[in-house]
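Heads up: the structure comes next, in structure tokens.
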Amino acid sequence: MFMDLIPVLIILIPVVTGVFIYITRHYKFNMLVFLAQSIVTGLALRYYFYLGRLKGEVFLNLGNWSEKISIVLKNDYLSMTFIFLTIIMWWMVIIYSWKERKKDSKFYFFLLFLEGVFFGLLQTNDLFNLFVFIEITTIISTILILYKMTGESVRAGLYYLLFNSAGIMFFLIGMAFIYYSEGTLSINELTGKINISQGLNLTNISYISIIAAIGVKSAFFPVYNWLPKAHSAAPSVISALLSGLLVKSGLYVFIRINSMYGLESFREFFIILGLITAISGGIFAISQKDIKQILAFSTVSQIGIIMIGLNQLDGNIIGGVFHIINHAFFKSMLFLSAGIIIKTYKERDTTVIRGVLYELPLVGIFILIGFFSISGMPFFNGFISKSIIKYGVYSEFIIYAIHFIDILTITYFMKILQVLNKPKGLNVRYKVKRCNNSKVPVVILGFLCIILGIFYQPIGRLLLRTEIKYIDLFDLKEWSIYSSKLITGYIIYKYVIKKDYSLIKKIRKTNISFSNTNYLFILFITIMLLWKL
Amino acid sequence: MSPILSFIIILIGLYGMVTSENIIKSIICFSIIETALILLFLNLGNVGLGDIPIIIEETPNMVDPLPQALMITTIVIGASTTALAFMISIKIFHYYGTLEWDELLEREG
């Protein structure tokens with residue numbers, strides 16, 4: 001009986017703890033954050049083993065109404081993987097921010113509330129609860145984005161809130177169509193039963209409007225410009241959380257919705273969309289100077305690769321899911337390191353900061369590890385997921401495109417790597433201030449990147465239930481491809497990007513207004529409708 | 001009332017979203033879209049002159065209660081989103097002295 005209720009408990013424990021911390025408003029109660037986190041971790045582990053005994057799919061029907069109308073929580077290996085990812089990310093964020101915000105009850109209230117809601121989003125089995133959880137996530141992450149209450153962060157917060165809420169309205173439209181044609185909103189009931197005939201019927205329109213809403217949430221090609229604004233304005237902890245996990249909530253819903261509809265005619269469309277997303281994100285990242293802007297656009301670019309991995313023609317999504325996990329690890333590590341650098345130097349411009357490797361040696365080394373992971377060096381985790389994605393793609397063209405995206409990645413990362421070394425003739429003295437953020441999460445996440453890169457087989461077996469056999473870490477061909485990519489990226493950086501031509505400046509200054517963003521959103525829906533016709 | 005009416009209102013709201021230059025107008029247009037959606041959903045459960053969905057004895061011509069239950073939640077969410085958006089726009093006016101989107105983009109934070 002107790003085992004059955006664990007899904008509810010891991011939603012409620014963080015929420016209740018957060019509310020308690022907020023009501024008492026005494027900073028000593030903030031220690032309860034660690035207690036709640038430990039309890040949730042223990043319960044999730046316990047539930048994982050319980051899941052193993054029950055063939056990997058457990059439904060919890062709250063209230064014992066009929067399946068069609070009741071609130072049901074569903075757990076399988078995919079949701080458990082995401083739950084563990086969430087728990088790890090929240091541990092990192094709490095440890096990182098603890099010294100700085102020890103007495104800030106409000107911050108931990110929002111953080112814990114967000115965790116509980118996020119667990120709900122991962123486990124829910126009906127479309128309406130999904131909508132509710134996505135909306136609450138949007139509202140709380142808005143509050144966390146504008147937490148510093150500076151002019152820039154307030155502007156980014158409003159942009160994020162309005163655009164995401166307007167987008168999610170289309171989720172409701174799609175839901176109305178489904179309810180009209182099928183009479184239920186339970187994902188499990190709907191799976192495989194939806195009528196997917198060709199042409200423009202109710203189901204296809206509902207699919208298109210739901211995907212449009214998710215596309216805003218998870219930053220697909222034309223509608224991602226809320227993301228760099230929000231990521232660069234938020235505190236670094238929240239950027240790490242946003243980029244590592246909250247953007248992925250859209251992709252998680254994408255997986256669920258796709259398996260519910262089982263539509264295959266959109267796969268090629270999403271592969272093309274992913275390519276465009278990845279390349280345009282990379283080009284924007286190359287033009288930026290601000291370290292957090294570069295990382296934010298790099299997130300867009302990686303989301304494009306994840307999209308390719310989630311829509312492979314044989315229906316295998318392992319590469320995409322693996323890349324979601326890997327990206328969560330290295331990108332949040334890079335954001336946390338960037339936070340430490342910004343706090344220490346009081347500066348965000350990559351062309352100004354120098355000598356990180358001497359002032360902050362630990363952070364410098366882990367930025368290098370992040371670079372190797374994101375660019376796909378063997379023995380680091382990015383290589384594994386990118387290889388799985390490449391293995392599942394049958395078209396030669398897309399494999400070359402992924403290599404091209406890797407070169408883009410290396411090029412814009414050269415901009416970040418230039419902060420590491422210290423030129424000899426440098427006379428500028430920095431007012432280096434010791435920052436009180438913990439470096440432990442950076443170290444842990446960095447080691448997780450390496451562990452996933454080497455011991456990918458047991459982890460894939462435990463969490464994703466697949467055998468990953470076809471990767472050879474010592475393959476000479478892979479090493480030579482990687483080193484040639486590295487050299488090409490460096491040459492492009494040195495002879496093209498570093499010169500800062502006027503075209504690059506123009507791309508950097510591109511700023512899309514709110515109404516134009518809405519035009520792009522309508523354009524996105526129109527393109528999907530045309531594809532279906 | 002047919003669903004066509006709610007689609008027309010949704011389109012009016014979308015038109016407002018893409019054309020309005022002012023933050024307050026954008027928030028109002030968002031509310032218009034949301035209200036139209038609530039109308040659309042309530043239409044789904046409509047069965048003409050139906051009974052209220054309380055089972056006392058046999059009620060063959062009952063209104064579908066599920067959309068109504070869902071829409072109450074949607075109204076609450078919409079209200080909180082709108083309230084938060086208005087709160088943030090007050091803050092924006094404090095920092096920038098304007099509520100126009102294009103002027104906001106030009107000024108540095």
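The values are calculated or read from the model by the stated rules, or taken from the named source; none is laboratory data. Model, not experiment: these values are computed from the prediction. Neighbour counts are summed over all protein chains in view; Cβ atoms, including those assigned to glycine, are modelled from backbone coordinates with ideal geometry.
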(Q) Please go through (1) part of a loop (DSSP other than H, G, I, E, B); (2) facing chain A (nearest Cβ under 10 Å); (3) among the small types (Gly, Ala, Ser) for B:Gly48 and return the number of the only condition it doesn't satisfy. (A) (2)
Q. Counting only residues that are assigned to a helix (DSSP H, G or I) and more than 30 Å from A:Phe270 (Cα to Cα), which one in segment A:498-533 is nearest to the chain's Cα centre (by Cα)?
A. A:Lys505
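Report, by residue number, each residue of segment A:451-488 that is touching an Asp or Glu at 6+ places or on another chain (Cβ under 8 Å) and either assigned to a helix (DSSP H, G or I) or buried (at least 18 other Cβ atoms within 10 Å of the Cβ) (or both).
Correct list: A:Gln457, A:Gly460, A:Arg461, A:Glu478, A:Lys485.
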Q: Scan segment A:77-106 residue by residue and report those that are surrounded by 22 or more Cβ atoms within 10 Å (Cβ to Cβ) and among the aromatic types (Phe, Trp, Tyr).
A: A:Phe82, A:Trp90, A:Tyr96
(Q) For segment B:28-35, check the following and say yes or no: at least one residue is within 15 Å of the chain's Cα centre (by Cα), more than 9 Å from chain A (Cβ to nearest Cβ), more than 30 Å from A:Gly183 (Cβ to Cβ) and at pLDDT 90 or above. (A) yes
Q) Would it be correct to say that A:Thr510 is modelled with pLDDT under 85, exposed (fewer than 14 other Cβ atoms within 10 Å of the Cβ) and within 14 Å of chain B (Cβ to nearest Cβ)? A) yes
Q.
Name the single residue that is farthest from the other protein chains (Cβ to nearest Cβ) among those in segment B:57-109 being within 30 Å of B:Leu44 (Cβ to Cβ) and in a loop (DSSP other than H, G, I, E, B).
A. B:Glu57
Q: Kindly establish whether A:Glu135 is within 13 Å of chain B (Cβ to nearest Cβ), crowded, with 22+ Cβ neighbours inside 10 Å, assigned to a helix (DSSP H, G or I) and at pLDDT 90 or above.
A: yes
Q) Among the listed residues B:Ile33, B:Ile27, which satisfies the condition of being touching a helix residue (DSSP H, G or I) at 6+ places or on another chain (Cβ under 6 Å) and in contact (Cβ under 8 Å) with a residue 60 or more places away in the chain? A) B:Ile27
Q: Considering only segment B:82-109, state which residues are in contact (Cβ under 8 Å) with a residue 12 or more places away in the chain and not aromatic (Phe, Trp, Tyr).
A: B:Thr82, B:Ala85, B:Ser89, B:Ile92, B:Leu99, B:Glu100, B:Asp102, B:Leu104, B:Gly109
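Here is a yes/no grid of residues against (1) crowded, with 19+ Cβ neighbours inside 10 Å; (2) within 23 Å of A:Tyr470 (Cβ to Cβ):
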| site | (1), (2) |
| --- | --- |
| A:Met307 | yes, yes |
| A:Gly355 | no, no |
| A:Phe372 | yes, yes |
| A:Phe379 | no, yes |
Q) Does A:Gly52 satisfy being in a helix (DSSP H, G or I), under 30 Å from A:Thr184 (Cα atoms) and either polar (S, T, N, Q) or out of contact with any helix residue (DSSP H, G or I) (no Cβ under 8 Å at 6 or more places or on another chain) (or both)? A) yes
Q: Filter segment A:374-393 down to residues that are out of contact with any Leu (no Cβ under 9 Å at 6 or more places or on another chain), under 18 Å from A:Met414 (Cα atoms) and part of a helix (DSSP H, G or I), then give me how many there are.
A: 1
Q) So which residues in segment A:138-151 are within 7 Å of chain B (Cβ to nearest Cβ) and touching a Ser or Thr at 6+ places or on another chain (Cβ under 8 Å)? A) A:Ile139, A:Leu146
Q: Scan segment A:447-469 and give yes if some residue there is of a type in the set (Ser, Thr, Tyr), touching a Ser or Thr at 6+ places or on another chain (Cβ under 8 Å) and farther than 23 Å from A:Leu313 by Cα, otherwise no.
A: no
Q | Hits in segment A:302-343 - residues which are polar (S, T, N, Q) and out of contact with any Leu (no Cβ under 7 Å at 6 or more places or on another chain) | A | A:Gln302, A:Asn311, A:Gln312, A:Asn316, A:Ser337
Q. In segment A:258-305, what count of residues is obtained for those that are assigned to a loop (DSSP other than H, G, I, E, B) and either crowded, with 21+ Cβ neighbours inside 10 Å or at pLDDT 90 or above (or both)?
A. 1
